[in-house]
Amino acid sequence: FNVSRVDTTPFDGQKPGTSGLRKKVKVFKQPHYLENFVQATFNALGADNVRGATLVVSGDGRYYSKDAIQIIIKMSAANGVRRVWVGQNGLLSTPAVSCVIRERVGHDGSKANGSFILTASHNPGGPNEDFGIKYNMENGGPAPESVTNKIYENTTSIKEYLIAEGLPDVDISVTGVSSFGGPEGQFEVDVFDSATDYVKLMKSIFDFQSIQKLIANPKFSFCYDALHGVAGAYAKRIFVEELGAQESSLLNCVPKEDFGGGHPDPNLTYAKELVERMGLGKTDSGIEPPEFGAAADGDADRNMVLGKRFFVTPSDSVAIIAANAVESIPYFSGGLKGVARSMPTSAALDVVANHLNLKFFEVPTGWKFFGNLMDAGMCSVCGEESFGTGSDHIREKDGIWAVLAWLSILAYKNKDNHNGDKLVSVEDIVRQHWATYGRHYYTRYDYENVDASGAKDLMANLVNLQTNLDEVNKIVSGIRSGVSNVVNADEFEYKDPVDGSISKHQGIRYLFADGSRLVFRLSGTGSEGATIRLYIEQYEKDSSKIGRELHDALAPLVEVALKLSKMEEFTGRSAPTVIT
Ligand code: VG1
Ligand code: CO
C-alpha cells in the first residue's frame, strides 16, 4: 500500500467527554469526521510513539463499528503502526480491551501499546443513535486529561490526515494474521478470539470451583442480561461453559448492532426484562424469581446486581465487595492496598475503609482517575454510583468481574450450606452490611437532554448560592423543617496524589451537618443537549432505622434539592427522565 495525505478542515465539538467522544452516527459518518479525530489522537501521542506500535482496535459492536475499524486500520498503517489487533467481528468489551493491552502476547512476542475503543457505552446504537471512540493507554486505562486535552486541541487545527491507499479491507470475521507490505515495511492485522484472554484473567482472580458449587446448588438460581451488548460474547463462555449455569439463565446475550432497539443501560428503568424476572416489576408473574440477577451495559463495563425482589445500589455494591474481598476472592487474599470511589458515589465505601483501616480516595467522575492510584499501588477496589465497579486487575470498570465478585461472596457465605439450611441471599448480605456499617439511603435523578443554557444557568445559580450559607439554610428550612443544616458547600476539585494534576469544576456539593449530601453535575457522556445529574444521599447509623422505604427516607431531601436548585424553573421539567 501507499500513504496518501488527505486535506481536511476542523470540526467543532470534538472534545472527549467523561469517556471519549460520543456523537450521533450521522455526525460520525460525515466525510473526514472520524479520520480527523483519529489523526488528532496519533498526533497527540507523537510520531515516535505511533511508529512501530501495536494497537488494539475493537468495541461493543454497535452500528458503524465495522466501517470505523477498517478506516482506523488504514490510518494506522499509514501512520507507521506495526500491528493492529482486532477482536473477532470487532468485538471486545471495554474491560477486555484493558485486559488485552495488559496481558495478551502476540504470535511474535509483541505487546500492545494502546487502543481505540469503539463504543458509546450505555447510549443506544443504530443508524439514528450514538457512536463513540476513545483512546486507552499502555496501562490499559483511559487516556488522562493531559492527553485528551491535546487530542482536542489538535482537532481544532487539523489540516491533513494519513490513510493507506491500496490496502484491502481485512476480513475481521475470521481469526488469523494478515500481513501487508508498506513504504516502511511490514504491517499486520491480527484478528483474535474476543474472550480467551479475558476468561483466563478471570480464572486467575476468582475461585471458579467454589462458584461452580454455588451454581450447582439446587437452591441457587441465576439470571444474566447482556441487553444485547458485547457482554453476551463473554457471558456464555464464563457463566455457562466455565461455571455450569443453564443456558436459559442468559437473557439478550446475542450482541446486536442496535442493541435490539433498546437502551443498553443496566438500571431499573432500562433492564426491564431482568427486572420483571427478579420480581421487581410492576406485575407479579407468579413465577418464583431467581436468587441472583445481573445486567451489563453495551460495552460491558457496567453492572447491575439484583437479589430476589431486591435491588443493590451500586454504591452499596462496591462497599460490600470491599468489605468481603479478602476472604471471598483469592486475588485479594493478601489484603487490599486501598479503596476509592468517585465523588458523587455514596459514602458507604468510606465507612468500610474506616472500619478496616484502609487507604481511601475520592476522585472525580470517570474511570481515568482511578488508574493513577492503581498504577502507584494505592488502590485495589473502586467504584462509582453509575453501576461501575472494578479493581486493579485492569484499568477499566468491569461488569462481569463485579458479577463474579458477588458470586464469590455468595459462594463464601454459603460454603457450609447443607440440605436443610436456607441459602444466605443477596438481600441477607446487604441487610447484614447495613446492620454493621449503617445505611446510605441514595438516589440519582437524571434530567436528560435538557436545554443547554437552562442547565448552565441552574448550575451557575447553585454556585452563586454557595457563597452565602446562612441564606441557603434559610431557604432550606423554609422548604422543609427537620432537614439538618448545610455546613459546607463547594465545587469539587481534585488534586491527583500521584502526578499532582488538578481537575476543577467536578460537581457542586452541598454537605449537611448529619452527613447528608446533595450533588449536582452536568453529564460528560451525552451526545445532545445537556444532562443534569442530581445525587441525593442520607446516612443512617441507627440500626432501628435502616429498614425504611428509600422513597420515604429521602423525600425531605429530594424536595429540598428540587426547590433549592429551582429545577423546574430552569429546565421546564417537572420530573426526571430516569431515577436510579
Ligand atoms: C457517566 C457516569 C460516570 C461514568 C461514565 C462512563 O458519566 O456518571 O460515572 O464513569 O458515564 O461510563 P457522566 O459524565 O455522563 O455522568 V460508561 O459505562 O458510559 O463508559
Ligand atoms: Co459502559
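When 314, 290, 264, 344 are checked against the criterion of being modelled with pLDDT of 95 or more and farther than 30 Å from residue 507 by Cβ, a single residue qualifies: 290. Condition check for residue 273 on (1) part of a helix (DSSP H, G or I); (2) more than 23 Å from residue 227 (Cα to Cα): one failure, at (2). Residues that are among the basic types (Lys, Arg) and assigned to a loop (DSSP other than H, G, I, E, B) were ranked within the stretch 353-403; the one that is farthest from ligand 1 (Cβ to nearest atom) is 359. Name the residues in the stretch 400-427 that are of a type outside the set (Gly, Ala, Ser) and within 19 Å of residue 315 (Cβ to Cβ), would you? Those that are of a type outside the set (Gly, Ala, Ser) and within 19 Å of residue 315 (Cβ to Cβ): 401, 403, 406, 409, 426, 427. Annotation: of all residues in the stretch 173-210 being among the charged types (D, E, K, R) and in a helix (DSSP H, G or I), the one that is nearest to residue 412 (Cα to Cα) is 203.
Being surrounded by fewer than 23 Cβ atoms within 10 Å (Cβ to Cβ), acidic (Asp, Glu) and modelled with pLDDT of 95 or more is true of residue 103.
Looking only at residues of the stretch 297-342 that are within 16 Å of ligand 1 (Cβ to nearest atom) and of a type in the set (Lys, Arg), we find that the one that is nearest to the chain's Cα centre (by Cα) is 302.
Table: residues versus (1) in contact with a Lys or Arg (Cβ under 8 Å, 6 or more places away or on another chain); (2) modelled with pLDDT of 95 or more; (3) on the phi < 0 side of the Ramachandran plot.
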site: 409; (1), (2), (3): no, yes, yes
site: 418; (1), (2), (3): no, no, yes
site: 421; (1), (2), (3): no, no, yes
site: 429; (1), (2), (3): yes, yes, yes
site: 440; (1), (2), (3): no, yes, yes
site: 456; (1), (2), (3): no, no, yes
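Total residues in the stretch 179-224 satisfying the condition of being within 27 Å of residue 271 (Cα to Cα) and within 22 Å of the chain's Cα centre (by Cα): the figure is 8. Restricting attention to the stretch 59-87, the residues being within 16 Å of ligand 1 (Cβ to nearest atom) and closer than 15 Å to residue 170 by Cβ number 1.
Would you say residue 224 is in a strand (DSSP E or B) and in the same structural domain as residue 264 (by TED's automatic domain parsing)? The answer is yes for residue 224. When the residues of the stretch 469-523 are filtered to those that are assigned to a loop (DSSP other than H, G, I, E, B) and among the basic types (Lys, Arg), which remaining residue is surrounded by the fewest Cβ atoms within 10 Å (Cβ to Cβ)? This residue is 504. For the residues 502, 479, the requirement of being hydrophobic (A, V, I, L, M, F, W, C), without any contact (Cβ under 8 Å) to a residue 40 or more places away in the chain and away from ligand 2 (no atom under 16 Å from the Cβ) singles out 502. When the stretch 505-533 is filtered for residues that are within 16 Å of ligand 2 (Cβ to nearest atom) and of a type in the set (Gly, Ala, Ser), the ones remaining, listed by number, are 523, 524, 526, 527. Filtering the stretch 342-392 to residues that are away from ligand 2 (no atom under 16 Å from the Cβ), surrounded by 24 or more Cβ atoms within 10 Å (Cβ to Cβ) and either of a type in the set (A, V, I, L, M) or within 21 Å of residue 328 (Cβ to Cβ) (or both) leaves 348, 349, 352, 363, 374, 379, 380, 381, 391.
Selection of the stretch 524-538 for residues being more than 16 Å from ligand 1 (Cβ to nearest atom) and surrounded by fewer than 21 Cβ atoms within 10 Å (Cβ to Cβ) yields an empty set. Within the stretch 344-361, residues that are without any contact (Cβ under 8 Å) to a residue 24 or more places away in the chain sit with their Cβ atoms under 8 Å from residues that are among the aromatic types (Phe, Trp, Tyr) and not in a loop (DSSP other than H, G, I, E, B), at 6+ positions apart or across chains, in these pairs: 350/360; 354/360.
The values are calculated or read from the model by the stated rules, or taken from the named source; none is laboratory data. Everything numeric here is computed off the predicted structure, so don't read it as measured data. Quick reminder, even Gly has a Cβ in these numbers, built from the backbone with ideal geometry, and neighbours come from all protein chains shown.
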